[in-house]
Amino acid sequence: MFARNRVLAVIPARGGSKGIPRKNIHPLNGWPLIKYTIDAALAAASLSRVVVSTDDQEIASISEKLGSEVLIRPEEFSTDEAPGVAPVLHAIEVLKGFDYVVLLQPTSPLRSAWDIDAAIESCINLDAPACVSVCKAEKSPYWMYWVNNCRMEPVLISDPENNYRRQDLAVAYALNGAIYVAKTDWLLKRKSFLSDETVAYEMPVQRSIDIDTGLDLLFCEFLMGKSAIREGLK
């Protein structure tokens, strides 16, 4: 199946970040954060080519040492205002001839090569133009509120007399940011991975951490330590 399709993986890694300075190469368990995504991409059987898209020379140098190709992207695709899909659109305009493209954010270090292959396989098997990774949401949207001037407004309109119990609610899913797959021609026209045609690939919560804050880094290192202990006990 994979042999019949050419699949490009794009790992976007700009130099600037607000929450954690130099986040994409910040140390995580002794290695630059981006290493975990590069390693998973290089190990995935479904990917024909892996490139890091960056505007930063240090990130480019580290990525090349870790085994990835590098694509230097224009500065306008690296601003805070640039949409997340912009580096991907730039990459498939420059690197032509691919049937599918996969966006892999460096901030999802626990996503595995198996996850990448499974998401792409889901997209192909379901004949969908796009597939994105999700995980079960920690809280139901029925328990969420907008707060305006201390007044609570439910995010979802519900029966005020119904005291929803967790076990009675339908399972809600959230984007986890780890994997975005799309047919290249479709994405060039749509310019978004999300549409009513997009299908979901479910990942477990423990592999769905998205690094945004220092606390995320600490928790991720904790999970990595626990995983290493479990592997050592086998």
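Given the criterion of a type in the set (Asp, Glu), modelled with pLDDT of 95 or more and open to solvent by less than 100 Å² (accessible area, probe 1.4 Å), identify the matching residue among ASP127, ASP115. Spell out how you get there, then give the answer.
Numbers: ASP127 fails: open to solvent by less than 100 Å² (accessible area, probe 1.4 Å).
One residue alone meets the criteria, ASP115.
Being open to solvent by less than 40 Å² (accessible area, probe 1.4 Å) and modelled with pLDDT of 95 or more: is that true of ALA182 here?
Numbers: open to solvent by less than 40 Å² (accessible area, probe 1.4 Å): yes; modelled with pLDDT of 95 or more: yes.
So ALA182 fits the description; yes.
Please work out which one of (1) among the aliphatic types (A, V, I, L, M); (2) in a helix (DSSP H, G or I); (3) under 30 Å from ARG4 (Cα atoms) is the condition VAL52 fails and give its number.
Failed condition: (2).
Is there a residue being touching a helix residue (DSSP H, G or I) at 6+ places or on another chain (Cβ under 6 Å) and free of Cβ contacts under 8 Å to residues at least 24 places away in the same chain anywhere in region 14-21?
There is at least one residue in region 14-21 that is touching a helix residue (DSSP H, G or I) at 6+ places or on another chain (Cβ under 6 Å) and free of Cβ contacts under 8 Å to residues at least 24 places away in the same chain.
Restricting attention to region 41-49, does a residue exist that is open to solvent by less than 30 Å² (accessible area, probe 1.4 Å), in contact with a Ser or Thr (Cβ under 7 Å, 6 or more places away or on another chain) and either modelled with pLDDT of 95 or more or not in a strand (DSSP E or B) (or both)? Break it down stepwise before answering.
As a first pass, look at region 41-49 and keep what is open to solvent by less than 30 Å² (accessible area, probe 1.4 Å): 41, 44, 46-47.
This time we only want the ones that are in contact with a Ser or Thr (Cβ under 7 Å, 6 or more places away or on another chain), so: none.
Taking every residue of region 41-49 in turn, none turns out to be open to solvent by less than 30 Å² (accessible area, probe 1.4 Å), in contact with a Ser or Thr (Cβ under 7 Å, 6 or more places away or on another chain) and either modelled with pLDDT of 95 or more or not in a strand (DSSP E or B) (or both).
Only one residue in LEU95, LEU33, LEU8 is open to solvent by less than 40 Å² (accessible area, probe 1.4 Å), closer than 21 Å to SER122 by Cα and either in contact (Cβ under 8 Å) with a residue 40 or more places away in the chain or in contact with a Pro (Cβ under 7 Å, 6 or more places away or on another chain) (or both), so which one is that? Step through it out loud before you land on a result.
Working: LEU95 fails: closer than 21 Å to SER122 by Cα; LEU33 fails: closer than 21 Å to SER122 by Cα.
Selected residue: LEU8, the only one of LEU95, LEU33, LEU8 that is open to solvent by less than 40 Å² (accessible area, probe 1.4 Å), closer than 21 Å to SER122 by Cα and either in contact (Cβ under 8 Å) with a residue 40 or more places away in the chain or in contact with a Pro (Cβ under 7 Å, 6 or more places away or on another chain) (or both).
Which of the residues that make up region 133-147 are open to solvent by 10 Å² or more (accessible area, probe 1.4 Å), under 21 Å from TYR201 (Cβ atoms) and either outside any loop (DSSP other than H, G, I, E, B) or out of contact with any Phe, Trp or Tyr (no Cβ under 8 Å at 6 or more places or on another chain) (or both)?
VAL134, CYS135, LYS136, GLU138, PRO141
Mind checking which pairs have a first residue in region 38-51 that is of a type in the set (D, E, K, R) and a second that is assigned to a strand (DSSP E or B), Cβ under 6 Å, 6 or more apart or different chains?
Listed pairs, sorted by first residue: ARG49/LEU8.
Can you spot a residue in region 94-105 that is assigned to a strand (DSSP E or B) and not β-branched (Val, Ile, Thr)?
We begin by selecting, within region 94-105, every residue assigned to a strand (DSSP E or B); these are 100-103.
Right, trim to not β-branched (Val, Ile, Thr) and you get 100, 103.
Yes, the conditions are met somewhere in region 94-105.
The values are calculated or read from the model by the stated rules, or taken from the named source; none is laboratory data. Quantities reported herein were computed from a predicted structural model and do not represent experimental measurements. Virtual Cβ from ideal backbone geometry, glycine too; neighbours counted across all protein chains shown. Only protein heavy atoms, including side chains, enter the accessible area calculation; ligands, DNA and RNA are left aside. Shrake-Rupley method; radii C 1.70, N 1.55, O 1.52, S 1.80 Å.
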